[in-house]
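These notes are about the structure you will find just below.
The values are calculated or read from the model by the stated rules, or taken from the named source; none is laboratory data. Treat the numbers as computed from the prediction; the structure is a model and nothing was measured. Ideal geometry is used to build each Cβ from the backbone, glycine not excepted, and the neighbour counts take in all protein chains shown.
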Amino acid sequence: MTILLATRKGLLFVEPTATGSRITREVFPGVAVAYAAADPRTGVLWATLDHGHWGQKLQRSRDGGATWEEVPAPKYPEGAEIKPGVPATLRYLWVFAHGGADQPQRLYLGTEPGGLFRSDDGGDTWQLVEGLWNHPSRPTQWMGGGRDHPGIHSVIVDSRDSRRVLVGISCAGVFETMDDGATWAPRNRGLTASFLPDPNTEVGHDPHLVAACAAHPDVLWQQNHCGIFRSSDGSASWQDIAQPGGPAFFGFAIAADPHNPLTAWVVPAKADEQRMAVGGALCVCRTTDGGKSWQTLTKGLPQERTYDIVLRHALDLQGNALVLGSTTGNVFFSADRGDSWTELGHNFPPVYAVRFLP
């Protein structure tokens, strides 16, 4: 079992051991890696780099990470503007996602300032999805969520119909296309944006991460700035499933069970100004009944004077195994779906994303 750790100081290949972990490969040392994952259809690895001097870089490996090649990063078209008078240029590569089984060369990149890019040649070239970029709400209702401009951090392709794609945008909300990106519609009914004058606005929400149950793609989950929400009708509506008075409310990461539509995990945090573990104790919360109730899982996790925060892509699930990494460089592993945890290491660089290799 190999885990990809995308960190502030490079990309690490980590394997759990009986006494902790071992690093089997280190690439891009000293460079911030925002996200890294494998395309399960081909095994090709992708990494998005946030280079302090050279900007955004896109890397691809066809041999399991032994060697890498730089792929030209996507560019916004000439004349594209974030808003009138502000040119659109690539500021951050948020996430990589692959297309459906019937689209063997289709790939997606979610970016800041809010553009979704698509490739139909395995990543050699990229084109802006104009239908989403030209949505009439974007220039006036999309805004930055913790960064200067909107960011697309979640891309979900329907396993039943690859023409149906959903994206999560901070801050705008969830948008859906049913026609392979030609047209898009907001899907935010039932969400709450307490930071806006109209908390029930159609556009302007801040989903921190959106995930789907692979076997039941109409069941969607999101960890939102204003709580935890679940949809059982393909995003047509959302229900607030946050834990009243409990820790399962604010956070960034959410993992959905790929087979059971009632099960998901979150890593709670103290909201807004503090952004640290709730009560100074790291915990993971799990629901097995669609959010009607939550279990707080702490066995093996630090419970005193803990400042960990787990970012949106820094929690992953594979079979019964879970892994999480924090911005304080702590990485924890569970072999039993979160019931208990072991520390893989406490001196890693700040962790931006964790992903199991298929």
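Worth pointing out:
- Looking across the stretch 46-70, the residues that are in contact with a Ser or Thr (Cβ under 9 Å, 6 or more places away or on another chain) and of a type in the set (A, V, I, L, M) come down to 47, 58.
- Where strands (runs of 3 or more DSSP E) sit wholly within the stretch 246-311, those with at least 2 residues that are touching a residue at least 24 places away in the same chain (Cβ under 8 Å), aliphatic (A, V, I, L, M) and surrounded by 24 or more Cβ atoms within 10 Å (Cβ to Cβ) occupy 251-256, 264-268.
Conditions tested, residue by residue: (1) surrounded by 21 or more Cβ atoms within 10 Å (Cβ to Cβ); (2) modelled with pLDDT under 95; (3) touching a strand residue (DSSP E or B) at 6+ places or on another chain (Cβ under 8 Å); (4) not β-branched (Val, Ile, Thr).
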{"position": "104", "(1), (2), (3), (4)": "no, yes, no, yes"}
{"position": "107", "(1), (2), (3), (4)": "yes, no, yes, yes"}
{"position": "122", "(1), (2), (3), (4)": "no, no, yes, yes"}
{"position": "134", "(1), (2), (3), (4)": "no, no, no, yes"}
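- A single member of 324, 317 is outside any loop (DSSP other than H, G, I, E, B), out of contact with any Pro (no Cβ under 7 Å at 6 or more places or on another chain) and closer than 15 Å to residue 252 by Cβ, and it is 324.
- Taking the stretch 283-314 as the range and being of a type in the set (S, T, N, Q) and touching a Pro at 6+ places or on another chain (Cβ under 9 Å) as the test, only 296 passes.
- Qualifying residue in the stretch 134-145 (condition: farther than 14 Å from residue 203 by Cβ and under 18 Å from the mean Cα position of the chain (by Cα)): yes
- Residues of the stretch 61-83 classified as within 21 Å of the chain's Cα centre (by Cα) and surrounded by fewer than 19 Cβ atoms within 10 Å (Cβ to Cβ), total: 1
- Wholly within the stretch 1-41, strands (runs of 3 or more DSSP E) carrying at least 1 residues that are in contact (Cβ under 8 Å) with a residue 40 or more places away in the chain and aromatic (Phe, Trp, Tyr): 10-17, 32-38
- Residue match in the stretch 83-102 (condition: without any contact (Cβ under 8 Å) to a residue 40 or more places away in the chain, within 17 Å of residue 151 (Cα to Cα) and in a strand (DSSP E or B)): yes
- Qualifying residue in the stretch 45-65 (condition: more than 14 Å from residue 356 (Cα to Cα), in contact with a Lys or Arg (Cβ under 6 Å, 6 or more places away or on another chain) and in contact (Cβ under 8 Å) with a residue 60 or more places away in the chain): no
- Residues of the stretch 161-185 satisfying the condition of being touching a Leu at 6+ places or on another chain (Cβ under 8 Å) and of a type in the set (D, E, K, R): 176
- Residue within the stretch 213-229 that is in a loop (DSSP other than H, G, I, E, B) and either of a type in the set (A, V, I, L, M) or touching a helix residue (DSSP H, G or I) at 6+ places or on another chain (Cβ under 9 Å) (or both) present: yes
- Residue selected from the stretch 165-193 under the condition in a loop (DSSP other than H, G, I, E, B) and among the β-branched types (Val, Ile, Thr), by the criterion surrounded by the most Cβ atoms within 10 Å (Cβ to Cβ): 192
- Residue count, the stretch 135-164 (criterion: out of contact with any Asp or Glu (no Cβ under 7 Å at 6 or more places or on another chain) and outside any loop (DSSP other than H, G, I, E, B)): 10
- Contacts under 7 angstrom Cβ, first residue in the stretch 317-335 being basic (Lys, Arg), partner surrounded by fewer than 23 Cβ atoms within 10 Å (Cβ to Cβ), 6 or more apart: none
- Scan of the stretch 68-80 for residues that are touching a residue at least 40 places away in the same chain (Cβ under 8 Å) and under 19 Å from residue 135 (Cβ atoms), ordered by number: 74, 76, 77, 80
- Residue pairs whose Cβ atoms lie under 6 Å apart, separated by 6 or more positions or on different chains, with the first residue in the stretch 168-189 and touching a residue at least 40 places away in the same chain (Cβ under 8 Å) and the second part of a strand (DSSP E or B) and of a type in the set (S, T, N, Q), are 168/154; 184/177.
- When the stretch 18-33 is limited to residues that are touching a Leu at 6+ places or on another chain (Cβ under 6 Å) and among the hydrophobic types (A, V, I, L, M, F, W, C), the one that is surrounded by the fewest Cβ atoms within 10 Å (Cβ to Cβ) turns out to be 23.
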